[in-house]
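Engineer: This is the structure I want to talk about, given as structure tokens.
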Ligand SMILES: Nc1nc2c(c(=O)[nH]1)N[C@H]1C(S)=C(S)[C@@H](COP(=O)(O)O)O[C@H]1N2
Ligand SMILES: [Mo]
């Protein structure tokens, strides 16, 4: 956690201490709801507050706006002991503090292997070569002459939840599910670009390469490339942020984040996969047998309750809204079930519109807490293919514990009688 010592050892207890500290600093103080569940009415204050009596700043002091000073806790955070250096590392989206389905650009998680590249769009080029009729080198200006599309998709790192394979370890939504964001991407479909350059009959695979020092490269089957992939230059209405790959990145809907090559500089068309080092040694899933999956592209259906959660404890008895997010790399979320007793009983939570394929979906479920009992909160998503989000036990049985990647298991939040919430795993 930023500002706290997290070096060495497993951080679980320390994170608990962290949230206890939040309680002490007053984040939990004051109750809006009485034990009977009736919202407390305090009446209209007699004194006018300063902000109702004096002029505020004008329209000139904030050419690019920032959130209210009271939202300063809504930030990306990193886990210091997770990686050896900040350049090859990750920070996490504060999902517990966000609303709706769109992740604001300033808190969209960043994962990079050689730091954030700083690229001048005037000199940047996107080269397309290999099994094409015409090899090209596009300037940004060239790219902007094509008809763009605007599409909402989630981005998720394959390592999301990766610390939880052997047990509950990181105490919060942010650190267990925060390698995730969802944005409206604006860009040119790869189909448009390939129609322009012409594909040779043997064109079956695509190699995408990044222009950062890591030169991340991934092989992508042409079928996927022509289906829904795009070269994005904008995110949520503005040009990409440097951390998200400015000036262009690949968008590979539903597939693991490391295929979403940032600072994209080269697309090579070939007739077979390249098996780059990123594919043979880094992003592979090791099975109990000792064998490894060659490619695990799709981010399977996943969900998480964002509140109540370790970061969003309960404050006394009364009504609460269980808030959460669900998503599936295979398409649309069909249903989300919520349990408050560790998976014995389930209630279906209504989905908030819009429900977009391969995007985050929001669910809300009213819940009343008696202010004294423990509860085990879980959410379970079912997607349009009928796939049901697995428990951690089911996932371990199938995959062992040697993977880092693709842990989409059901998360469990233990609500303590004090209202504090912690990350646990139940059998
Ligand atoms: N060029 C390049 N592209 C990259 C990476 C990188 O290190 N270099 N990291 C990848 C990984 S592992 C992930 S999870 C996503 C994260 O995208 P974001 O930083 O926009 O959230 O970018 C991918 N694209
Ligand atoms: Mo990733």
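Engineer: When you scan segment 299-309, do you find a residue that is at pLDDT 95 or above, within 13 Å of ligand 1 (Cβ to nearest atom), in a loop (DSSP other than H, G, I, E, B) and buried (at least 19 other Cβ atoms within 10 Å of the Cβ), even just one?
Structural biologist: Scanning segment 299-309 turns up at least one residue that is at pLDDT 95 or above, within 13 Å of ligand 1 (Cβ to nearest atom), in a loop (DSSP other than H, G, I, E, B) and buried (at least 19 other Cβ atoms within 10 Å of the Cβ).
Engineer: Is at least one residue of segment 323-337 touching a helix residue (DSSP H, G or I) at 6+ places or on another chain (Cβ under 8 Å) and either free of Cβ contacts under 8 Å to residues at least 24 places away in the same chain or surrounded by 21 or more Cβ atoms within 10 Å (Cβ to Cβ) (or both)?
Structural biologist: Yes, the conditions are met somewhere in segment 323-337.
Engineer: Which of the strands (runs of 3 or more DSSP E) contained wholly in segment 142-224 include at least 2 residues that are more than 16 Å from ligand 1 (Cβ to nearest atom), more than 22 Å from residue 285 (Cα to Cα) and touching a residue at least 40 places away in the same chain (Cβ under 8 Å)?
Structural biologist: In segment 142-224, 180-189 are the strands (runs of 3 or more DSSP E) which contain 2 or more residues that are more than 16 Å from ligand 1 (Cβ to nearest atom), more than 22 Å from residue 285 (Cα to Cα) and touching a residue at least 40 places away in the same chain (Cβ under 8 Å).
Engineer: Sticking with this structure for a sec: Please work out if residue 144 is buried (at least 16 other Cβ atoms within 10 Å of the Cβ) and assigned by TED's automatic domain parsing to the domain that holds residue 101.
Structural biologist: no
Engineer: Here is a follow-up. Without any contact (Cβ under 8 Å) to a residue 40 or more places away in the chain and more than 20 Å from residue 163 (Cβ to Cβ): is that true of residue 68 in this structure?
Structural biologist: yes
Engineer: Still on this structure: State whether the residues of segment 260-271 include one that is in contact (Cβ under 8 Å) with a residue 60 or more places away in the chain, closer than 21 Å to residue 328 by Cα, touching a strand residue (DSSP E or B) at 6+ places or on another chain (Cβ under 7 Å) and within 16 Å of ligand 2 (Cβ to nearest atom). Break it down stepwise before answering.
Structural biologist: Step one: of segment 260-271, the residues in contact (Cβ under 8 Å) with a residue 60 or more places away in the chain are 260, 262-271.
Still in the list and also closer than 21 Å to residue 328 by Cα: 260.
Those left that are additionally touching a strand residue (DSSP E or B) at 6+ places or on another chain (Cβ under 7 Å): 260.
When the remaining residues are screened for being within 16 Å of ligand 2 (Cβ to nearest atom), the result is 260.
Yes: one or more hits.
This table checks each residue for (1) buried (at least 18 other Cβ atoms within 10 Å of the Cβ); (2) assigned by TED's automatic domain parsing to the domain that holds residue 168; (3) within 30 Å of residue 252 (Cα to Cα).
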position: 372; (1), (2), (3): no, no, no
position: 380; (1), (2), (3): yes, no, yes
position: 386; (1), (2), (3): no, no, yes
position: 403; (1), (2), (3): yes, no, yes
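Engineer: Continuing with this model, one more query. Could we say that residue 187 is buried (at least 24 other Cβ atoms within 10 Å of the Cβ), out of contact with any helix residue (DSSP H, G or I) (no Cβ under 6 Å at 6 or more places or on another chain) and under 20 Å from residue 379 (Cα atoms) here?
Structural biologist: Working: buried (at least 24 other Cβ atoms within 10 Å of the Cβ): yes; out of contact with any helix residue (DSSP H, G or I) (no Cβ under 6 Å at 6 or more places or on another chain): yes; under 20 Å from residue 379 (Cα atoms): no.
So residue 187 does not fit the description; no.
Engineer: Quick test of your reading of the structure: residue 373 fulfils all but one of (1) under 26 Å from residue 103 (Cα atoms); (2) in a loop (DSSP other than H, G, I, E, B); (3) touching a residue at least 40 places away in the same chain (Cβ under 8 Å); (4) more than 16 Å from ligand 1 (Cβ to nearest atom). Name the failing condition by number.
Structural biologist: Exception for residue 373: condition (1).
Engineer: Additional query: Is there a residue being under 21 Å from residue 240 (Cα atoms) and in contact with a helix residue (DSSP H, G or I) (Cβ under 9 Å, 6 or more places away or on another chain) anywhere in segment 165-179?
Structural biologist: yes
Engineer: Mind listing whichever residues of segment 149-180 are within 12 Å of ligand 2 (Cβ to nearest atom) and in contact with a strand residue (DSSP E or B) (Cβ under 7 Å, 6 or more places away or on another chain)?
Structural biologist: Within segment 149-180, 155, 156, 157, 160, 179, 180 qualify.
Engineer: Oh, and also: What about residue 366, is it at pLDDT 95 or above and under 23 Å from the mean Cα position of the chain (by Cα)?
Structural biologist: Criteria not met by residue 366.
Engineer: Right, here's the next one. Keeping to segment 125-141, report how many residues are within 28 Å of the chain's Cα centre (by Cα) and either more than 16 Å from ligand 1 (Cβ to nearest atom) or closer than 22 Å to residue 331 by Cα (or both). Spell out how you get there, then give the answer.
Structural biologist: Within segment 125-141, the first condition is being within 28 Å of the chain's Cα centre (by Cα), and the residues that meet it are 126, 140.
In the following step, the residues that additionally are either more than 16 Å from ligand 1 (Cβ to nearest atom) or closer than 22 Å to residue 331 by Cα (or both) were identified as 140.
Final tally of qualifying residues: 1.
Engineer: Another question about this same structure. Could you list, in sequence order, all residues of segment 70-120 that are in a helix (DSSP H, G or I), in contact with a helix residue (DSSP H, G or I) (Cβ under 9 Å, 6 or more places away or on another chain) and more than 15 Å from ligand 2 (Cβ to nearest atom)? Don't jump to the end; show me each part of the working.
Structural biologist: Just the residues of segment 70-120 that are in a helix (DSSP H, G or I), to begin with: 70-71, 80-82, 95-97, 105-107.
Subset that is in contact with a helix residue (DSSP H, G or I) (Cβ under 9 Å, 6 or more places away or on another chain): 71, 82, 95-97, 105, 107.
Selection gives 71, 95, 96, 97, 105, 107.
The values are calculated or read from the model by the stated rules, or taken from the named source; none is laboratory data. This is a predicted model, so every value here is computed, not measured. Virtual Cβ from ideal backbone geometry, glycine too; neighbours counted across all protein chains shown.
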